[in-house]
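The next block holds one structure in the form of structure tokens; read it before the comments.
Bear in mind these aren't lab numbers, they're just calculated from the coordinates by the rules spelled out. Please read all numbers here as calculations on a predicted model, not as lab measurements. Here the Cβ is made from the backbone with ideal geometry for all residues, glycine too, and neighbour counts use every protein chain on show.
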Amino acid sequence: MIYIYFAVLIVSFAILFKSASFFVEGASSIARVLNISKMVVGIVFVGMATTAPEFGASVIAAILGHPEIALGNAIGSVICDDGVALALAAIVAPTAILINCRILKTAGLFLISIDILAYILARNGTIGRMEGVLFLTILCFYFIFVLRKQRYSVGKDDKERDGLSEKEENPPASKLALLKKPIFLFAVGIIGITLTCRAVIWASINIAEYFSISKAIIGLTIIAIGTSLPEISCCVTAALKGEGEIAVGNIIGADILNILWIIGVSSIVNPIRVELNIINFAFPFMILIVITMLVAMRIGCRIGKIKGFILFGLYILYLFLTFKFFA
């Protein structure tokens, strides 16, 4: 039976990468047609779509009475996104990924702030419904802020392009026609990623149970890796296609959503109670790797292979410490 699980994993990986290719192509095309910053597309739209597996797995775990899996999945996914998805994207990219430092400053400060806030609220071993409502409220205000800032930025850019002829601008009808294919590719990508990730998670859980791995390890590692596959696939594919800005935006958006959206909804469904030793290990390590990622991107406003290897090394350290202390 174990061979079937591994076969499902291999086939799912192949389909996943193809789905991610459609997904990134659709997202980048939509950004071009609508004149939206690719980093904003990554933070809001791609980030929300690629965290759907984390959301589903965590909410289902909370409903079934396993909140430690829900929290472990969310925190583990943030660590995996930064230490694997972004790291691999930086490593495989033909050239260093350029960073929009203007957007990074706002999103980065917000990300580290909510990570620290979540840790403070979880220090008593519980994240209740009130905390969940607070997280979702903060998320709504953040999305409003990002979209308003994007609208202002586009308006400003339009004023600076007065010299462009009308032929170079896409009228509304033309934009609608140009959006049909990108939206189709975007939708196919989402469906493919979601379905194949479910298969990967199913196989991963069965493999973990076959080798008698504990629930804490499943949440922090196996399930986190499985549900982070959309981010890993999309980031690597985006980097190979030269769309590194979408990869960066995707990771920052996914990190924010893992804390505010996933933990928020999961704690509303079923208040999360987790052992303090897990909280005092997982949260500080998450904050450490997030700070490392943000500093790496801020230096030179780019992230290349060396920085990618540093992030990946931190993830290997995370796995080692997790298995050492919680296996």
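Here are some notes:
- Our compactness index for segment 47-136, the C-alpha radius of gyration over the empirical 2.2 N^0.38 Å, is 1.28.
- Its DSSP H runs of at least 4 residues, each contributing -39,500 (n - 2.57), put the calculated 222 nm mean residue ellipticity of the chain at -25500 deg cm²/dmol, to the nearest 500.
- Derived scalar couplings ³J(HN,Hα) [segment 137-145; Karplus, 6.51 cos²θ - 1.76 cosθ + 1.60; whole Hz; x for Gly, Pro]: 5, 4, 4, 4, 5, 5, 4, 4, 4
- Cβ-based charge dipole, the chain, positive-most Cα from 97, 187, 69: 97
- Derived scalar couplings ³J(HN,Hα) [segment 124-134; Karplus, 6.51 cos²θ - 1.76 cosθ + 1.60; whole Hz; x for Gly, Pro]: 8, x, 9, 10, x, 5, 5, 5, x, 4, 4
- Point-charge dipole on Cβ atoms (K/R +1, D/E -1) for segment 204-327, about Cα centre, debye to 20: 280 debye
- With loop membership from DSSP and a limit of 13 other Cβ atoms within 10 Å, the longest segment of the chain without trypsin sites (Lys or Arg not before Pro) is 162-327.
- Taking each residue as 0.36 nm, the span from residue 60 to residue 9 lengthens on full extension beyond its C-alpha to C-alpha distance by 16.2 nm.
- Couplings 3J(HN,Hα) for segment 91-104, derived from phi with the Karplus relation 6.51 cos²θ - 1.76 cosθ + 1.60 (θ = phi - 60°), are 6, 8, 4, x, 9, 4, 6, 6, 10, 7, 5, 5, 6, 4 Hz, where x marks Gly and Pro.
- Annotation note: chymotrypsin sites (Phe, Trp or Tyr not before Pro) in segment 190-272 located in DSSP loop regions with a Cβ neighbour count of at most 11 within 10 Å are 211.
- Contact order relative to length of segment 23-136, as percent, for alpha carbon pairs under 8 angstrom and 6 or more apart: 13 percent
- Listed residues 272, 297, 230: farthest to the positive end of the dipole of segment 218-327 (Cβ charges): 297
- Computed about the Cα centre, the dipole magnitude for the chain is approximately 380 debye when only Lys and Arg (+1) and Asp and Glu (-1) carry charge, each at its Cβ.
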